[in-house]
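**Student:** Quick one: this structure, given as structure tokens, is what I'll be asking you about.
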Amino acid sequence: LIKEYKVNQKRVFATGISNGAFMSHRLAAERANRFTAIAPVIGGMAESVAKNFKPALPVSLLQINGTEDPLVPYEGGHVHFRKQKLGKTLSVSKIVELWVRHNGCDEKPIVEQLSDSDPNDGCRVTKFTFANGKGNSVVVLLKITGGGHNWPGARKYAPEFFIGKTCHDFKATDKILRFFEQF
């Protein structure tokens, strides 16, 4: 794509939902020289990626996860689809810690409670910003307390008993675009 189209190589980003979130972490970890920032949504980091985690450069991160995700557990462990186990993920806090440490960000985050714009969705969002990283990198976590396995701000694609609650306090697409724009 870079060869065929006029791409600013300093402004290449990756995002994805679920498996795409896992892919975003892998791309940034293995090809940090190609990606400025990533925004994984309701996904984690495979243990194999974490085991070999040595990105060549800082990569900014916007991590979005629900604490009640029935498929990709917030606290880490087996990722599963129905009764099938699909590998293991690190906990969200461990993922954030890896990127904070790698990027050289402030260890103590700025913590903000986002507006509960939909009090009926059963979710609350807390934003943790780890600033001042190398190369102006930053690590941001949007922790959706009560949130499940869905794109925040989108319609449910499956029943709540299967994917959990959908957060409507923000639109993930808008947050991701604004996050990428700062780089």
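**Student:** Between HIS80 and PHE162, what is the spin-label point distance in nm, taking each point 7 Å from the Cα along the Cα→C-beta axis?
**Tutor:** Label-label distance for HIS80 and PHE162, simple model: 1.7 nm.
**Student:** Same structure again: Could you report the accessible area of PHE35 in Å², rounded to 10, computed with a 1.4 Å probe on the protein chains as they sit in the structure?
**Tutor:** Approximately 30 Å² of PHE35 is accessible to the 1.4 Å probe.
**Student:** Sticking with this one: Counting only helical runs of four or more DSSP H residues, what would the 222 nm mean residue ellipticity of the chain come to if each run contributes -39,500 (n - 2.57) and the total is spread over all its residues?
**Tutor:** One gets -6500 deg cm²/dmol as the mean residue ellipticity at 222 nm.
**Student:** Going from the alpha-carbon gyration tensor of the range 12-131, what semi-axes, largest first and in whole Å, does one get by taking the root of 5 times each eigenvalue?
**Tutor:** Three semi-axes, in Å: 22, 20, 12.
**Student:** Take every DSSP beta bridge with both residues inside the chain and express the antiparallel ones as a percent of the total, to the nearest 5.
**Tutor:** Of all bridge pairs located within the chain, approximately 50 percent are antiparallel.
**Student:** Go through the chain and flag any cysteine with no other cysteine's C-beta closer than 4.7 Å, please.
**Tutor:** CYS105
**Student:** What ranking, highest mean first, results for peptides 164-170, 4-10 when packing means the other Cβ atoms within 10 Å averaged over each residue?
**Tutor:** In decreasing order of mean packing, 164-170, 4-10 become 164-170, 4-10.
**Student:** Between the DSSP loop rule and a limit of at most 12 other Cβ atoms within 10 Å, which GluC sites (Glu not before Pro) in the range 101-183 are left?
**Tutor:** The qualifying sites are GLU107.
**Student:** Out of the range 64-161, which trypsin sites (Lys or Arg not before Pro) are coil in DSSP terms and have no more than 15 other C-beta atoms within 10 Å?
**Tutor:** Loop-located and lightly packed - ARG82, LYS83, ARG155, LYS156.
**Student:** Then there's this: Kindly report the accessible area of the range 28-106 per residue (heavy atoms of protein chains, probe 1.4 Å, no ligands, DNA or RNA), in Å².
**Tutor:** With the other protein chains kept in place, the range 28-106 gives 47 Å² per residue.
**Student:** Return the percentage of antiparallel bridges among DSSP beta bridges fully within the range 15-88, rounded to the nearest 5 %.
**Tutor:** In the range 15-88, DSSP labels about 35 percent of beta bridges as antiparallel.
**Student:** Here is a follow-up. I need the shape label for the range 74-183. Rule: rounded when a/c is under 1.5, else prolate if a/b > b/c, else oblate, with a, b, c from the alpha carbon gyration tensor.
**Tutor:** Taking the square roots of the gyration eigenvalues as a ≥ b ≥ c, the range 74-183 is oblate.
The values are calculated or read from the model by the stated rules, or taken from the named source; none is laboratory data. Being a predicted model, the structure only gives us computed values, none of them experimental. When we count neighbours, we look across all protein chains shown, and the Cβ atoms used for this are built from the backbone with ideal geometry, even at glycine. These area figures cover heavy atoms from the full protein model, side chains too; ligands, DNA and RNA do not enter into them. Shrake-Rupley method; radii C 1.70, N 1.55, O 1.52, S 1.80 Å.
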